[in-house]
Amino acid sequence: MNKIKLVLLVIVFAIIGLFVWDNGGFLLAKNKISLNLLIKTYSTPELPTGIILLISFFAGLLVAYVFALFERFRLNAEIKGLKYSIDSNLEKMSELKNEVISLRNKFSPEQKE
């Protein structure tokens, strides 16, 4: 299994390397990004396109992580609630079993004779 992972990792890096090699001119071209908010305009210094793509990729990873973190907190709260429900149901089942046993002992046919 480790050899398969290693081979797949080498293939992925080879594809990334081929992409960078073929698109080196585009990735190294300097671009400036500007954001117009009608009140104020923001702009970045001139950066290579590859750096802008990396910044965008990691910003997307960060946003996805934050959304996943909130979902995880919500699911952990739901799990706690379900565990509490299971515990209360198990306690109720124990009480009902004890009640059934006491009723069997109270109304057993051996006592009627």
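The values are calculated or read from the model by the stated rules, or taken from the named source; none is laboratory data. Everything numeric in this text was worked out from a predicted model, so none of it was measured. Cβ atoms come from the backbone with ideal geometry, glycine included; neighbour counts cover every protein chain shown.
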* For region 33-49, name all the residues that are surrounded by 10 or more Cβ atoms within 10 Å (Cβ to Cβ) and either part of a strand (DSSP E or B) or modelled with pLDDT of 90 or more (or both). => Ser43, Glu46, Leu47, Pro48, Thr49
* Is at least one residue of region 2-23 in a strand (DSSP E or B) and surrounded by 10 or more Cβ atoms within 10 Å (Cβ to Cβ)? -> no
* Structure fact -> Picking from Tyr65, Tyr84, Tyr42, the residue that is of a type outside the set (Val, Ile, Thr), touching a Leu at 6+ places or on another chain (Cβ under 9 Å) and without any contact (Cβ under 8 Å) to a residue 24 or more places away in the chain would be Tyr42
* **So Ala29, is it surrounded by 10 or more Cβ atoms within 10 Å (Cβ to Cβ) and modelled with pLDDT of 95 or more** => no
